[in-house]
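The values are calculated or read from the model by the stated rules, or taken from the named source; none is laboratory data. Just so we're clear, the structure is a prediction, and the values are computed from it rather than from any experiment. Neighbour counts run over all protein chains shown; Cβ positions are idealised from the backbone, glycine included.
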Amino acid sequence: MSKIYYPAQYFSENRNTDALDALLISEKWSRYNWQTIMSGNFPVIKYKPESYLSYKGKAVNLGKPVSETEINLIFNTPYQGIKYNLIKTDKEGIFSLNNLIFEDSMSFYYQINGEKANKSSTKVYIQPAFAFLPFKNNLPSHNYTLTQQSLNDTPPLEIERAVTNKVSKAFFKEKETLIEEVKIKAQKKDLTKKLNNELSSPVFKTVDEIVIDLVNDHPGAKGSPNIFQYLQSQIGGVQIQMQGGQYMVSGRNGRIELYLDEVRVDENQIATLPVSNIAMVKVIRGNFVGNSGGRGGAIAIYTRRGVSGSIIDTSLPSNLVESKLNGYDKEIPFNNGIYDEESAKSVPEDKRSILYWNPYLESKSRNPTTVQWYNNDDAKNFRVMIIGFDENNDLLYYNEILK
């Protein structure tokens, strides 16, 4: 194949169509034979595009491939919940995951089938099935050269606006992060309150209680050997000590009673309880209706099945191994209500170039559709682009400057 100079000239507005035909003929390009295509014989596509996301996995046990073995895969999808899949490895321990579509990341869990399988020492490694070929040729030549910028140089207006816009975006992003953190903390409090109402009976509720929610918070608790070791750093005024191979729990006013699903138990029963089975721990100081053992207070531990026996948390069993897959880049929503919060109005300089963007604006049938946006500091004219469909599914396109 010969070198083609300035290929863009063949597709410009004033192009020479005869020159393009001559180029295609010299490059041995031939037209499609429509009769052949209509008979079902299509051109061979050498490099076929990937259909959505595909991954290859390999199961290894102590350095050796897990050959021809069934593996349970459980996907925790963000919009469709839990999805189960049973796959089988080949002789090399390799399997494929094809035609996946999801944004950001997705957790999945795996477990080897079979009673004789050594599940704890089995590892599954996942990598994308596609491979990008690096560009090894020289880049096209150009007439631009890189020079050292002088301190006295005045940046162009476009560069100045871009820098100011970047500073404004960082300011708004910081405000959004703070607002989201406040919302998340408030949501966690609401979820903890709901969990407490579901698990606790009225006789185990008091104003002087501390609730430790292991369902919606405290992810580090599952890494503790038992709940006592985790509580040592979480509760002030409570002493948890090991004496003679047994735990002893006490407070300022003496011994602290222990309850499991509101039934009195001893320290040994709590020490052998897996942390993954615990939904909530409640520390009650002083005396209360449900405690007849004295004024030392109590620690009430609630399992994930609770007092009523209903499953409180639908999280996956702890014997499954978790891993993650990376999907498409997550779409970042455009913040149209940028000044809804009072703190966001204190931005020093607003040079936003995009003032309003909505990927799904549904118009009203008989009434005019109102669109409200917040202007920047210096915009006088507005470019409005509208792309959509009417009631007959005909394409609509509008691109004008409003003054």
- If a residue has to be closer than 19 Å to Ala221 by Cα and either surrounded by 14 or more Cβ atoms within 10 Å (Cβ to Cβ) or charged (D, E, K, R) (or both) to count, how many in segment 262-289 make the cut? 13
- Residue that is at pLDDT 65 or above, among the hydroxyl-bearing types (Ser, Thr, Tyr) and touching an Asp or Glu at 6+ places or on another chain (Cβ under 8 Å), where the choices are Tyr339, Tyr328: Tyr328
- Might you check whether a residue that is among the hydroxyl-bearing types (Ser, Thr, Tyr) and either modelled with pLDDT under 80 or within 14 Å of Ile299 (Cα to Cα) (or both) occurs anywhere in segment 219-226? no
- Message: Within segment 209-217, does at least one residue satisfy the condition of being in contact (Cβ under 8 Å) with a residue 12 or more places away in the chain and over 37 Å from the mean Cα position of the chain (by Cα)?
- Response: no
- Which one is modelled with the lowest pLDDT among residues in segment 31-45 that are farther than 24 Å from Leu20 by Cβ and either surrounded by fewer than 10 Cβ atoms within 10 Å (Cβ to Cβ) or of a type in the set (Phe, Trp, Tyr) (or both)? Val44
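Give me the strands (runs of 3 or more DSSP E) completely within segment 10-99, filtered to those with at least 2 residues that are free of Cβ contacts under 8 Å to residues at least 60 places away in the same chain and out of contact with any Cys (no Cβ under 8 Å at 6 or more places or on another chain), ordered by residue number. Give the steps one after another, and end with the answer.
On the way: elements: 53-61, 70-77, 81-88.
Passing ranges, in order: 70-77, 81-88.
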- Scan segment 144-162 residue by residue and report those that are under 16 Å from Asp378 (Cα atoms) and either of a type in the set (Ser, Thr, Tyr) or surrounded by 12 or more Cβ atoms within 10 Å (Cβ to Cβ) (or both). Glu160, Arg161, Ala162
- Task: Tell me, yes or no, whether segment 77-90 has at least one residue that is at pLDDT 80 or above, among the aromatic types (Phe, Trp, Tyr) and under 15 Å from Glu322 (Cα atoms).
- Result: no
- Do you know which of the residues in segment 227-261 that are hydroxyl-bearing (Ser, Thr, Tyr) and either surrounded by 17 or more Cβ atoms within 10 Å (Cβ to Cβ) or at pLDDT below 80 (or both) is nearest to Val289 (Cα to Cα)? Tyr259
